[in-house]
Structure formats: structure tokens, C-alpha cells
Amino acid sequence: MRHDGVTIACEQPWRPFMANPSRTLPWPRRLIVDLLHFSRRVPSIPVERIFKIGKLVEIRSSLVERPGWTALFVKAFGILAHETPALRTSYLGYPWERLVEHDTNVASIAIEKDIDGQSAVLFAKIRGPENRSALHIEQLISVAKSCPVRESATFRLAHGISKLPTFIRRMIWWLVLEWSGSWRARKFGTFGISSYGMLGAESLHPLSPLTATLTFGPISPKGKVRVRIIYDHRVCDGSVVARALARLEQILNEDLSAELRDLGAARELEATTEEAPTSTIRDKKAS
């Protein structure tokens with residue numbers, strides 16, 4: 001722009017916006033957006049307890065083949081929820097307000113995957129974790145982390161729904177979460193597990209549409225760890241969750257410690273059995 005022979009730069013108000021091009025929201029982020037949309041409707045409250053699981057830490061560290069901490073907490077919480085009906089009960093609002101007690105536990109585990117060169121969070125489902133070994137749960141988690149999205153029915157469903165327009169996605173989520181207890185358990189799980197403990201951090205209040213979500217922080221060499229259950233106050237009260245945390249600590253120190261101890265003994269027996277025939281063959285050759 002020229003004014004009295006002087007050129008004046010005219011600032012274009014839209015230029016700052018043009019300098020920051022936008023891109024379509026990737027489908028994994030849409031999944032998280034939908035999750036947060038429905039989670040904010042849940043009056044969730046965290047309850048924390050400091051666990052002392054030194055015995056379990058010691059037994060686990062002595063194993064060559066050992067399950068991860070997430071797998072151990074998944075199984076322990078599965079046992080706890082089997083014993084505590086409130087932790088496998090969901091609030092459904094339509095067509096009337098009701099509480100639905102699920103017959104089977106389904107763990108929903110937050111896992112990090114690399115999708116198209118970007119980090120994304122998806123949710124692996126494990127049905128009846130209390131009836132599986134911790135090592136088997138660890139194997140299922142490892143498969144979920146490493147498998148392509150197209151090879152997992154759970155991930156394919158999440159991918160397909162997250163590609164839909166927003167109003168259709170929200171309608172599907174709402175129907176599954178609010179209308180049918182069986183749909184809700186199959187598609188979303190009955191309890192959630194989310195932890196940054198392996199990264200040296202902890203989540204204070206993870207959001208979830210589920211009744212109960214377990215999170216834990218870093219585990220010290222002596223076995224001290226902060227464990228939280230974030231619960232839906234419409235389903236139960238804090239006293240129930242506080243007692244559940246005490247019982248969860250007991251399950252880890254007793255049931256899971258016994259399982260890992262038996263696992264170590266079984267592995268030693270297998271190693272001894274494999275060495276025995278070799279020793280016999282050597283003795284025969286020597287004679």
C-alpha cells in the first residue's frame with residue numbers, strides 16, 4: 001500500500017492462520033476425544049493406598065521369565081472384582097436408571113502403539129483375567145502391543161468407528177454404554193488399567209467411562225508403590241474401594257506371590273528334567 005510516496009506494509013489479519021496449516025484429526029485421537037466426552041459424565045473419585053509388596057518384588061526378580069507389573073495387577077484386580085460385586089457393576093442410564101452386575105470380568109488395558117509413525121493409545125481387552133496365569137496375561141498384552149491394527153478385532157472395531165462422523169460415533173458410544181450391560185462389558189470392559197509406572201511417573205486421576213480404573217506408580221526396590229482406584233460414585237462408596245485396596249494388596253502378596261513361586265519351581269524342574277537325559281547319555285559314552 002502506498003501513501004504519500006511511502007510504501008506501508010499492510011498486515012493481513014488472516015496471515016497468522018495461514019502460517020499454521022491444519023490437518024485432519026487422526027483416528028486414534030478421535031478415539032481419545034470420544035472417550036473423554038463420555039468420561040466427563042462420570043462422577044469419578046480417586047482413592048489411594050501405599051502398597052508394600054516387597055515379597056512379590058523379591059520373588060519376581062528371581063525369575064528369568066517373569067510377567068510384567070501390568071499383567072500382575074490385571075490378574076490381582078480380576079480376583080478382587082470376582083470377590084467384590086461392586087467392582088464389576090455398571091451404572092446404565094437408559095431406558096431407565098439401573099445397576100447391572102456383570103457375570104464375567106473384562107479388563108480394558110491402555111497400551112501404547114506406534115501407528116503411522118505416531119504414538120497412540122488403544123485398549124486391549126482380556127476376558128476373565130482371574131482365570132488366567134499372570135504369564136499368559138503378559139503374553140496377551142505383548143501380542144496386543146506388537147500386532148498390526150488389522151489383526152486385532154478390538155482394534156479394527158475402534159479404527160472403524162473412529163473413522164465415522166462425530167454424531168454417528170457418539171450415538172454408537174452412547175448406545176453401548178447406556179443401553180446394554182452385555183454390550184458395554186464386551187466392547188468397553190468392566191474395569192480399566194492404566195499406568196505410567198514403568199516410565200517413572202504416575203497418573204493422578206485417569207478419566208474413564210468405566211466403574212473402576214486402576215493405576216499405579218513406580219515400584220521401589222523395597223516394594224513400595226502408590227496404587228489408586230478411580231471409581232464411579234453412582235455405583236459404590238469410598239469405603240468399599242478403601243477396603244478393596246487393602247484386599248488387593250493382600251492378593252498381590254499372597255496369591256500372586258504363590259503363583260510366581262510355583263512358576264519358578266516349575267521352571268527349575270523343567271531345567272533339571274532337560275539336563276538329566278544329557279547326563280545319562282554322557283555316562284553311557286564314558287563307560
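The values are calculated or read from the model by the stated rules, or taken from the named source; none is laboratory data. In this text, all values refer to a predicted model and were calculated from it rather than measured experimentally. Cβ atoms come from the backbone with ideal geometry, glycine included; neighbour counts cover every protein chain shown.
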Worksheet item: Filtering the stretch 114-130 down to residues that are surrounded by fewer than 19 Cβ atoms within 10 Å (Cβ to Cβ) and without any contact (Cβ under 8 Å) to a residue 60 or more places away in the chain, which residue is nearest to Arg30 (Cα to Cα)?
Response: Ser119
Discussion item. With the requirement that a residue be surrounded by fewer than 21 Cβ atoms within 10 Å (Cβ to Cβ), over 20 Å from the mean Cα position of the chain (by Cα), closer than 19 Å to Leu135 by Cα and charged (D, E, K, R), what does the stretch 42-72 give you?
Written reply: Lys55, Glu58, Glu65
Worksheet item: Any idea which residue in the stretch 55-72 is farthest from Leu92 (Cα to Cα), counting only those that are part of a helix (DSSP H, G or I) and β-branched (Val, Ile, Thr)?
Response: Ile59
Practice prompt. Determine which single condition Lys75 fails, assuming it passes every other condition in (1) out of contact with any Pro (no Cβ under 7 Å at 6 or more places or on another chain); (2) crowded, with 18+ Cβ neighbours inside 10 Å; (3) over 29 Å from Ile172 (Cα atoms).
Written response: (1)
Discussion item. Here's a check for you: in the stretch 205-248, which residue that is in a strand (DSSP E or B) and of a type in the set (Lys, Arg) is nearest to Lys75 (Cα to Cα)?
Written reply: Arg228
Fill in: Within the stretch 87-113, considering residues that are of a type in the set (A, V, I, L, M) and under 19 Å from the mean Cα position of the chain (by Cα), the one farthest from Pro26 (Cα to Cα)
Leu87
Discussion item. Is it the case, given these coordinates, that Asn105 is free of Cβ contacts under 8 Å to residues at least 60 places away in the same chain and within 19 Å of Ala185 (Cα to Cα)?
Written reply: no
Item to complete: Give the stretch 180-204 a look and list any residue that's in a loop (DSSP other than H, G, I, E, B), at pLDDT 95 or above and not small (Gly, Ala, Ser), or say none.
Response: Thr190
Worksheet item: When the residues of the stretch 18-54 are filtered to those that are assigned to a loop (DSSP other than H, G, I, E, B) and of a type in the set (Lys, Arg), which remaining residue is farthest from Ile251 (Cα to Cα)?
Response: Arg23
Item to complete: Just name the residue that is surrounded by the fewest Cβ atoms within 10 Å (Cβ to Cβ) out of those in the stretch 200-258 that are of a type in the set (Lys, Arg) and in contact (Cβ under 8 Å) with a residue 40 or more places away in the chain.
Response: Lys222
Fill in: Selected residue (only one of Ala124, Ala144, Ala110, Ala120 is more than 20 Å from Gly181 (Cβ to Cβ) and either at pLDDT below 95 or in a loop (DSSP other than H, G, I, E, B) (or both))
Ala120
